[in-house]
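Engineer: The structure follows.
The values are calculated or read from the model by the stated rules, or taken from the named source; none is laboratory data. Since we're looking at a predicted model, the values are computed, not measured. Methodologically, a virtual Cβ is constructed for each residue, glycine included, from the backbone with ideal geometry; neighbour enumeration extends over all protein chains shown.
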Amino acid sequence: MKNIWYTLLIGICFAQTSCEDFVEVDVPDNKIVSETVFGSDETANSAVTGIYNELFKAEFSNGGFYSVSLLGGLSADEFRTTALNDELLEFGENEILAENSYNLPLWSSAYNIIYMCNAVMDGLEKYDGVSSAMKVQLLGETAFVRAFVYLYLVNLYGEVPLILSPDYRTNALASRSDAQEIYKSIISDLEMAITNLGDTFLEGQRIRPNKFTALALLARVHLYRENWEKAEAASTQVIGSTSNFSLINNLDEVFLANSKEAIWQITPAGGSLSFATNEGRIYILTSPPPDSQKPVALTNDLIGSYADVDIRKENWIGRLDTEDEVYHYPFKYKVNSADEITEYSMVLRLAEQYLIRAEARAHQDKLAGAIADLDKIRTRAHLAPLSMIAPGINKVALLDSMQLERRRELFTEWGHRWLDLKRTERTSDVLGSIKTSWQPSDGLYPIPESEIDKNPNLEQNNGY
């Protein structure tokens, strides 16, 4: 078989073409083969830049209609549909069919990103044209991205195939891997990234991870695994990097490009439609629904969770009044069309690290420290600090308060609410009362039917 690596990653045969289609075609004459991609620091670095461009294009990660943020928000209690779209409604009602056309791009684009990371990592190991320093850097970056994608796959779908090489012909028949094995790989990749990456952001842009980006994701992984001490330790390192990060008091500036609160962002510069984020283009309601291009609004349940004095409600939630109904929408991103880039899509930010450390400390009975961390988020939102109004709060009540703050702080960002309900085993308690068709098996998405049809070794999740 001809060498299939070519220009890897101006990235881009993977975005619109499935992996098996990719390997079936001959290498085009105008593509760079792998020896050239990994023949210099410049071309190898360009290949990895292609991965970051792809993150803005890929359905899984681009903040658009098929993204984790929108579909996860529907699956939880953040979004409601405002346009006639039966397949989005399936996510909103947690009654997803295996052939749902939104589910397949979510799955396949995630695996395409993993394939691209695997191809780069394999090429860096096989070829000698890249300097040692650059190789270490790029291996760290691609390991981080692969870990990030797998963390979502294992939480959205449960046991999934763990693909760690670019050999598609072998991978096409891969069976599902145990979740423990997947988490072990995620942690291994993140530990490599922490070792390989430096303390600063390349060229001052927060779109390529540094050591603290990997630590931030590792803190979340340990939180999900209930490794409280490790979660606290990792988040403490991120919070302690004050030269890199700080909470921004002006909430309208949090989601700006390269904001001091950003730990990792995705730039729309790699896209071709506009210079605005997809979150801004899709979420901001400029005319009354229904509108197929703006198919969701926030639920009244979410709106009702905010106190009147909470400035997040004023700064991060927009309102559109019509004759028949009031619609609320996410307004963390202020731009729905632009001639220049002012906002990047936020993936990881410092506020989450305070919430991670607060929860980890509470579970270790370090209640004073947990309250102090939670109060960082509360006071920024102009809520009274717990240290003043409830200094003797017990552990159970404190953990409940933390989940409420996570909901109000991280709403519509990367499916946080959906994953939080699942990991704290509250899906049935919370969603069972508001979604008439809810069943416990609805906590996992179905493996796309077309993937099951192609791979006899893939088994479907229970309930589908």
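Engineer: Please work out which residue is nearest to the chain's Cα centre (by Cα), limiting yourself to the stretch 352-369 and to residues that are among the basic types (Lys, Arg) and in a helix (DSSP H, G or I). If you could, list the steps in order and put the result at the bottom.
Structural biologist: Of the stretch 352-369, the ones among the basic types (Lys, Arg) are 357, 361, 366.
Next, only the ones that are in a helix (DSSP H, G or I) stay: 357, 361.
Details: 357: 19, 361: 24 Å.
So the residue we want is 357.
Engineer: So which residues in the stretch 386-401 are polar (S, T, N, Q) and exposed (fewer than 13 other Cβ atoms within 10 Å of the Cβ), if there are any at all?
Structural biologist: 394, the sole residue that qualifies.
Engineer: For residues in the stretch 417-435 being free of Cβ contacts under 8 Å to residues at least 24 places away in the same chain, part of a helix (DSSP H, G or I) and not acidic (Asp, Glu), which is nearest to residue 74 (Cα to Cα)?
Structural biologist: That would be 427.
Engineer: Only one of these is in contact (Cβ under 8 Å) with a residue 60 or more places away in the chain and farther than 30 Å from residue 313 by Cα: 225, 208. Name it.
Structural biologist: 208
Engineer: Now for a separate question. Taking residue 404 and the conditions (1) of a type in the set (A, V, I, L, M, F, W, C); (2) within 24 Å of residue 227 (Cβ to Cβ); (3) surrounded by fewer than 15 Cβ atoms within 10 Å (Cβ to Cβ); (4) over 27 Å from the mean Cα position of the chain (by Cα), which numbered condition does it fall short on, given that it satisfies the others?
Structural biologist: So residue 404 meets the others, but not (4).
Engineer: Name, by its number, the condition in (1) touching a residue at least 24 places away in the same chain (Cβ under 8 Å); (2) surrounded by 18 or more Cβ atoms within 10 Å (Cβ to Cβ) that does not hold for residue 275.
Structural biologist: It is condition (2) that residue 275 fails.
Rundown of residues vs (1) surrounded by fewer than 17 Cβ atoms within 10 Å (Cβ to Cβ); (2) closer than 18 Å to residue 266 by Cα; (3) among the acidic types (Asp, Glu), yes/no style:
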| residue | (1), (2), (3) |
| --- | --- |
| 195 | yes, no, no |
| 214 | no, yes, no |
| 217 | no, yes, no |
| 220 | no, no, no |
| 225 | yes, no, no |
| 228 | no, no, no |
| 231 | no, no, no |
| 234 | no, no, no |
| 240 | yes, no, no |
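Engineer: Specify which of the listed residues (76, 83) is modelled with pLDDT under 95 and under 30 Å from residue 97 (Cα atoms).
Structural biologist: Matching residue, one of 76, 83: 83.
Engineer: Shifting gears a bit: Which helices (runs of 4 or more DSSP H) sit wholly inside the stretch 30-98 and have at least 3 residues that are small (Gly, Ala, Ser)? So that I can check it myself, show each step before the final result.
Structural biologist: Values: elements: 34-37, 41-57, 68-75, 86-92.
Where helices (runs of 4 or more DSSP H) fall fully within the stretch 30-98 and carry at least 3 residues being small (Gly, Ala, Ser), they are 41-57, 68-75.
Engineer: When you look at residue 450, is it surrounded by fewer than 17 Cβ atoms within 10 Å (Cβ to Cβ) and among the hydroxyl-bearing types (Ser, Thr, Tyr), yes or no?
Structural biologist: Criteria met by residue 450.
Engineer: Can you find even one residue in the stretch 118-130 that is in a helix (DSSP H, G or I), within 30 Å of residue 423 (Cα to Cα) and either among the polar types (S, T, N, Q) or in contact with a Lys or Arg (Cβ under 8 Å, 6 or more places away or on another chain) (or both)? Spell out how you get there, then give the answer.
Structural biologist: Within the stretch 118-130, the first condition is being in a helix (DSSP H, G or I), and the residues that meet it are 118-126.
In the following step, the residues that additionally are within 30 Å of residue 423 (Cα to Cα) were identified as 118.
Now restrict to residues that are either among the polar types (S, T, N, Q) or in contact with a Lys or Arg (Cβ under 8 Å, 6 or more places away or on another chain) (or both): 118.
Checked against the condition, which is being in a helix (DSSP H, G or I), within 30 Å of residue 423 (Cα to Cα) and either among the polar types (S, T, N, Q) or in contact with a Lys or Arg (Cβ under 8 Å, 6 or more places away or on another chain) (or both), the stretch 118-130 yields at least one hit.
Engineer: Okay, moving on. So is residue 110 crowded, with 22+ Cβ neighbours inside 10 Å and either over 23 Å from residue 286 (Cβ atoms) or at pLDDT 95 or above (or both) or not? Lay out the reasoning, then the answer.
Structural biologist: Values: crowded, with 22+ Cβ neighbours inside 10 Å: yes; either over 23 Å from residue 286 (Cβ atoms) or at pLDDT 95 or above (or both): yes.
Answer is yes for this residue.
Engineer: Please give the number of the condition residue 127 fails out of (1) closer than 13 Å to residue 44 by Cβ; (2) surrounded by fewer than 17 Cβ atoms within 10 Å (Cβ to Cβ); (3) at pLDDT below 95.
Structural biologist: Condition not satisfied by residue 127: (2).
Engineer: Tell me whether the stretch 396-409 contains one or more residues that are of a type outside the set (Asp, Glu) and not in a helix (DSSP H, G or I). If you could, list the steps in order and put the result at the bottom.
Structural biologist: Taking the stretch 396-409 and keeping what is of a type outside the set (Asp, Glu), we get 396-399, 401-404, 406-408.
Subset that is not in a helix (DSSP H, G or I): none.
The answer is no; no qualifying residue exists.
Engineer: On the basis of being assigned to a strand (DSSP E or B) and under 19 Å from the mean Cα position of the chain (by Cα), does residue 348 make the cut?
Structural biologist: Taking the combined requirement at face value, the residue satisfies it.
Engineer: Here is a further query. Filter the stretch 70-87 down to the residues that are crowded, with 24+ Cβ neighbours inside 10 Å and not charged (D, E, K, R), then identify the one that is farthest from residue 156 (Cα to Cα).
Structural biologist: Going through the qualifying residues, I end up with 79.
Engineer: Let me ask you something else. On the given criteria, is residue 286 touching a Ser or Thr at 6+ places or on another chain (Cβ under 8 Å), more than 20 Å from residue 141 (Cβ to Cβ) and either free of Cβ contacts under 8 Å to residues at least 60 places away in the same chain or among the polar types (S, T, N, Q) (or both)?
Structural biologist: no
Engineer: If you don't mind, there's one more thing I want to ask. What's the number of the condition residue 285 fails, among (1) outside any loop (DSSP other than H, G, I, E, B); (2) farther than 25 Å from residue 385 by Cα; (3) in contact with a Leu (Cβ under 8 Å, 6 or more places away or on another chain)?
Structural biologist: Condition not satisfied by residue 285: (1).
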